[in-house]
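See structure below.
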Amino acid sequence: MAVTPSSLLAALIVALTALGPLSTDFYLPSLPAIADALGTDSAGVQLTLSVYLLGFGTGQLVIGPLSDRYGRRPVLLWGMAVFLVASAACAFAHSLEALVAARLLQALGACTGPVLGRAVVRDVYGPQESARVLSHVSTATALAPLLAPMLGGWLTSGFGWRATFVVLTLYAALLIVLLWRALQETNAHPDPQALQPARMLANYRTLLADPNYRTALLVGCGAFAALFAFISGSPFVYIGLYGMSPEQMGLAFGVNVTGFMLGTILSARLSRRIGPARLMRHGVLLGAVSGTLLAGLALAGVVHPAAVMVPMWGVTAAIGLTLPNATALGLAGYPKMAGAAASLMGFVQMGLGAGAGMVVGHGVQDSALPLALMVAGAMLFSLLVWALGPRR
């Protein structure tokens, strides 16, 4: 039976897709408290984030084929069950080693949400409507990195660092109930051979050999790298270099998030009239121009918050235009292996984005230039990939 699009289904997809940023941004304000409680230093507690990113990225390679074989619904239910158990383990961890192990398990459960949320969109809405729906999803999901640090800070101040993981445990329980009651199976073409290693490798080779998929993948990689570079470097730039308070930094970060939200809103409203390919083109052009302006101001020695905030707002708006449409274009031609296509895309983009963020995080101690150059380079890379890619 075909699944009918509904507001409840859209809200569930948003909740699943938000699982990634919630699991990272939500507990960031509690990192110093965790270090004190578990008797470690900042480098030790940062390991809980690095291990999470590793598990989140690699887990996607298996989650997609699993859902192509057994269906989206059972894999999502098992993934949320794993996330629930792991979040509870994080809340009760009494050593750094236990917390790191629980965070790795938490990442393996969390990655089912964004990957299979996108696959469900492709299953239900088809190749034409997916870009519009994914843009709406991205708009709503953008609230997670905007609100999660503030709520996490409030919970940590009022109830201690374990409270953030208790809330994530309750969030997982709610998702399991909603999945059980509201989500029917959306995979109309299960592949009995999807989990065979030879088939998995063949599927990935097929995807990477397709110039349309490859272009969408690499354009998204550039956008992801620019976004993660900004997320990792902006606290050092705004607070360390420009002397902002944490509250002011949160406001500045929020201003840039509004650019991303505007880009996704425009994408959702214009996708039917303009089409995802043209919207992606507009996104990479805007991103390249804005990123180049950001780098130019940094190279010219302009030291002012506006020299970062204004061009970066253009970059985040460009990313909001680019990412949903790149995802929709990448998944459009693969109804029978949408899970594998979404998994590969998420794995590569997450890996490159996290790498860019770590490089910038270690280089912005004295200047905003490393952040500006990474953002500009990433967006120019997306423009180059689009310029060299197929025109259909």
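The values are calculated or read from the model by the stated rules, or taken from the named source; none is laboratory data. If you're wondering where the values come from, they're calculated on a predicted model, not measured in any experiment. Neighbour counts are summed over all protein chains in view; Cβ atoms, including those assigned to glycine, are modelled from backbone coordinates with ideal geometry.
Things to note:
- Out of Gly240, Gly254, Gly220, one residue alone is within 23 Å of the chain's Cα centre (by Cα) and surrounded by fewer than 22 Cβ atoms within 10 Å (Cβ to Cβ). It is Gly254.
- The range 299-324, residues that are over 24 Å from the mean Cα position of the chain (by Cα), within 22 Å of Ser245 (Cα to Cα) and either outside the structural domain of Met280 (by TED's automatic domain parsing) or in a helix (DSSP H, G or I) (or both): Pro305, Ala306, Ala307
- Exactly one residue out of Leu134, Leu143 is within 17 Å of the chain's Cα centre (by Cα) and surrounded by 21 or more Cβ atoms within 10 Å (Cβ to Cβ), and it is Leu134.
- The residues in the range 170-193 that are over 25 Å from the mean Cα position of the chain (by Cα) and crowded, with 16+ Cβ neighbours inside 10 Å can be counted, and the count is 1.
- When restricted to residues that are under 20 Å from the mean Cα position of the chain (by Cα) and assigned to a helix (DSSP H, G or I), the range 87-118 contains 16.
- Some residue of the range 247-269 being over 27 Å from Gly57 (Cα atoms), without any contact (Cβ under 8 Å) to a residue 24 or more places away in the chain, assigned to a helix (DSSP H, G or I) and among the polar types (S, T, N, Q): yes
- Residue count, the range 357-376 (criterion: in contact with a Phe, Trp or Tyr (Cβ under 7 Å, 6 or more places away or on another chain), more than 21 Å from Gly259 (Cα to Cα) and either modelled with pLDDT of 75 or more or crowded, with 21+ Cβ neighbours inside 10 Å (or both)): 1
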